[in-house]
Amino acid sequence: AEEIAANYSHAFVSVADRVLGRVWNRLYDGVLVRHLDVLTRAAEGREIVYVPCHRSHMDYVLLSYVIYNGGFAVPHVAAGVNLDLPVIGRYLRKGGGFFMRRSFKGSTLYTAVFMKYLGVMMAKGHALEYFIEGGRSRTGRLLAPRTGMLSMTVRSFLRDPKRPVVFLPVYFGYERLVEGETYIGELSGRPKQKESVGGLLKALPKLRQKFGHVYVNFGEPIELDEILKRHNPNWRADAPPDDSRPPWVGAVVEDLATGIMRNINGAAAVNPVNLLSTALLATPRQALLATDLARQIDMYRRLLAAARYGPRVTICEEDGEAAIRYCESMRIVERQAHALGDVLRMSDTNAILQTYFRNNVVHLFAMPSLIACCFVNNATMRTEDIL
């Protein structure tokens with residue numbers, strides 16, 4: 001129980017808020033929060049469970065900071081026990097962090113204690129937060145959902161359904177990652193380095209770099225009661241009095257997990273880095289005339305605005321030329337003079353890094369791309385044939 005439990009301190013959170021405000025101003029050009037009104041509506045008389053995507057270690061403190069500055073209680077955040085480091089783990093607990101093992105297999109007692117702790121947090125009305133993917137994405141795409149925490153949340157609610165529960169998906173968008181080089185190494189076969197205080201100290205010099213903007217978009221909330229009614233209209237009468245798992249709960253959890261992932265994707269934030277990476281990585285040598293690149297970025301912006309993936313997707317205001325200038329200032333691309341016009345090029349290292357940011361938004365282009373494929377060898381097509 002002591003390994004698991006948080007030790008929330010309002011005094012510590014108040015001090016951390018001021019410290020983090022300075023940290024974000026040093027690291028980032030701005031933290032842009034969109035659709036915070038969704039949280040205002042969802043929080044009325046409900047138990048909030050925040051379910052963000054997981055891009056970076058920054059996600060933990062960033063979301064708590066945004067929620068606190070929005071006037072809401074800091075959630076209790078589930079973190080991997082690997083982050084329960086000397087000194088650091090103590091402060092994470094004071095900020096609402098509680099710890100869980102990567103696997104519950106082989107320890108019935110641990111599972112029982114963890115579920116009881118989760119039930120107590122929900123019964124007391126504490127907001128919860130956990131990462132639906134389980135771990136950080138190394139590719140920029142959403143990972144398949146890990147449903148363990150979802151299942152325990154649903155079962156805890158069924159055992160003691162005092163307050164309605166709403167799941168609030170959150171999308172994180174970065175323009176540069178602190179862990180970018182580490183991700184490349186891991187994808188190349190290098191073993192994952194274990195988190196340590198020494199590793200944290202080694203990473204501090206990297207924080208002098210320019211990391212651009214961070215985007216925090218709140219997605220469409222999902223009411224647990226609605227999902228339960230869809231699968232079992234008499235769920236209140238059929239809810240078990242103990243910790244047993246009814247056979248219909250599995251379908252509820254899968255439906256819930258799929259809905260959360262869709263709503264995270266549906267709250268994507270499109271920034272200049274995403275657009276430039278999508279355009280340049282589609283070229284044979286990651287190089288393009290500046291005028292052509294600007295036109296391509298402008299076309300992407302028009303396409304995303306005209307064929308919107310969802311109402312909560314946000315698109316940057318920078319046009320093609322402004323996006324190029326911004327990415328040059330971030331040292332993502334290099335400009336080379338040429339007789340036919342300036343050429344913008346990515347280095348091989350940058351090209352690998354930028355696949356992450358392209359993958360953040362590539363799902364937004366899936367449907368237009370499918371339709372475009374129909375016209376690669378056809379000037380016109382009947383609607384019936386396209387369908």
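The values are calculated or read from the model by the stated rules, or taken from the named source; none is laboratory data. Computed from a predicted structure; not experimentally measured. A quick note on method: Cβ atoms are made from the backbone with ideal geometry, for glycine too, and the neighbour counts reach across all protein chains shown. Surface areas here come from the heavy atoms of the whole protein model, side chains and all, with no ligands, DNA or RNA. Shrake-Rupley method; radii C 1.70, N 1.55, O 1.52, S 1.80 Å.
Full extension of the chain segment joining residue 10 with residue 367 gains 123.9 nm, where the gain is 0.36 nm per residue of separation less the Cα-Cα distance. List, in the order given, every pair from 162/229; 116/162; 94/210 whose Cα-Cα distance in the structure shown is over 18 Å. Result: 94/210 exceed 18 Å. Taken one residue at a time, the phi angles of the range 354-367 give Karplus couplings (6.51, -1.76, 1.60, θ = phi - 60°) of 6, 4, 4, 6, 5, 5, 4, 10, 4, 5, 5, 9, 4, 5 Hz. Gly and Pro are set to x. Probing with 1.4 Å while keeping every protein chain in the model, the per residue accessible area of the range 230-387 equals 55 Å².
Approximating the spin labels as points 7 Å out from Cα along Cα→Cβ, the residue 81-to-residue 305 distance works out to 5.2 nm. Taking the Cα centre of the chain as reference, the dipole from Cβ charges on Lys and Arg (+1) and Asp and Glu (-1) amounts to some 840 debye.
Karplus-based coupling profile of the range 37-46, in residue order and whole Hz: 4, 4, 5, 4, 6, 6, 6, 5, x, 10, with θ = phi - 60° in 6.51 cos²θ - 1.76 cosθ + 1.60 and x standing for Gly or Pro.
In the chain, taking the dipole from charged Cβ atoms about the Cα centre, the farthest positive-side position among 25, 43, 257 is held by 25. Less than 5 angstrom separates the built amide H of residue 98 from those of 77, 78, 79, all sequence-distant by 5 or more or on a different chain.
The apolar share of the surface of the chain, taken as the fraction of accessible area on carbon and sulfur atoms (1.4 Å probe, ligands and nucleic acids excluded), comes to 54 percent.
Counted residue by residue at 0.36 nm each, then reduced by the alpha carbon distance between them, the extension gain from residue 234 to residue 334 reaches 29.8 nm. Distance from a point 7 Å along Cα→Cβ of residue 317 to each backbone N in the range 28-42: keep the residues under 16 Å and list them by number. Zone members listed by number: 30-35. A cut-off of 5 Å between modelled amide H atoms, ignoring neighbours fewer than 5 places along the same chain, links residue 165 with 47, 224, 225. Taking the centroid of alpha carbons for each part, the range 85-128 and the range 301-363 are 40 Å apart.
Applying the Karplus relation 6.51 cos²θ - 1.76 cosθ + 1.60 with θ = phi - 60° to the range 137-143 yields 3J(HN,Hα) values of 6, 8, 10, x, 8, 5, 7 Hz, where x marks Gly and Pro. Zone of residue 342 (label point 7 Å along Cα→Cβ, backbone N under 14 Å): which residues in the range 270-297? Label zone hits: 288-295. With both labels modelled 7 Å from their Cα along Cα-to-Cβ, the residue 379 to residue 255 distance reads 5.0 nm.
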